[in-house]
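The values are calculated or read from the model by the stated rules, or taken from the named source; none is laboratory data. Nothing here was measured: the structure is a model prediction, and the numbers come from that model. In case anyone asks, the SASA skips ligands and DNA or RNA and just uses the protein heavy atoms, side chains included. Shrake-Rupley method; radii C 1.70, N 1.55, O 1.52, S 1.80 Å.
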Amino acid sequence: MGYWKDIVVGGWSLIEGMKVTGRALFKPVVTVQYPRKHLEMSPAYRGHIELKIFPETGTHGCIACGTCQRVCPSGVIKVQGVKTHARSGKVATHYVIDYTRCSLCGLCVESCPTQTLKFSTEYELAGESRWDGVVDLVARMEDSRS
């Protein structure tokens, strides 16, 4: 009796699998010929982080408080800032992040008190060496503006 039951259960499993395959067979192809065509990213895509440029000031709003550095579970963020005047607040001069070890958890974006961090829609981050993934966001932002 167990022999025939195994045959029936196996046959039913085969039919179910063929139904799944049949449905997928008639769906449209979603493959993109990547280097020739680029993907249009969804607005909900969460790539690496970058600094926002605020239109009022024309620069970032990072105050180098170090909250993102403390909350990062991977420990890949290093922030340095300076005070321009004795009574003014700090301004970030270096915001270095190692994207090769970043887990893209988003805790830094959520914890930023000035809301100066955002997720990028860029997805082409390949490099030739490990050090290509270590990026200073302040310097990158200044290079992109010029």
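So what is the relative contact order of the chain, in percent, for Cα pairs below 8 Å that sit 6 or more residues apart? Walk me through the numbers before you get to the answer.
Numbers: 169 pairs, mean separation 36.0, N = 146.
Reported as a whole number, the value is 25 percent.
Pick from Tyr95, Tyr34, Tyr123 the residue whose mean-square fluctuation is largest in a GNM of the chain, springs joining Cα atoms under 10 Å.
Comparing Tyr95, Tyr34, Tyr123 in the GNM, the peak value goes to Tyr34.
Count the lysine pairs in the chain whose Cα atoms lie under 25 Å apart, taking only pairs 8 or more positions apart in sequence or on different chains.
Counting lysine pairs in the chain gives 11.
Carbon and sulfur together cover what percent of the accessible area of the stretch 48-144 at a 1.4 Å probe radius?
54
Return the single residue from Ala64, Ala44, Ala24 with maximal mean-square fluctuation; model: Gaussian network over the chain, springs between Cα atoms under 10 Å.
Ala24
Among Val109, Val20, Val96, determine the one that fluctuates most according to a GNM of the chain built with springs between C-alpha atoms less than 10 Å apart.
Result for the chain, Cα springs under 10 Å: Val20 fluctuates most.
Would you mind giving the three semi-axes, in whole Å and largest first, of the ellipsoid equivalent to the stretch 48-144 according to its Cα gyration tensor?
Sorted largest first and rounded, they come to 22, 15, 13 Å.
Based solely on its DSSP helices, what 222 nm [θ] is calculated for the chain when runs of n ≥ 4 H residues each add -39,500 (n - 2.57) and the sum is averaged over all residues, nearest 500 deg cm²/dmol?
-9000 deg cm²/dmol
Taking amide hydrogens as modeled 1.01 Å from N in the peptide plane, which residues meet the under 5 Å criterion relative to Ala64, leaving out close sequence neighbours?
Correct list: Ala92.
Suppose all protein chains stay in the model; what accessible area per residue would a 1.4 Å probe give for the chain, in Å²?
Value for the chain: 74 Å² per residue.
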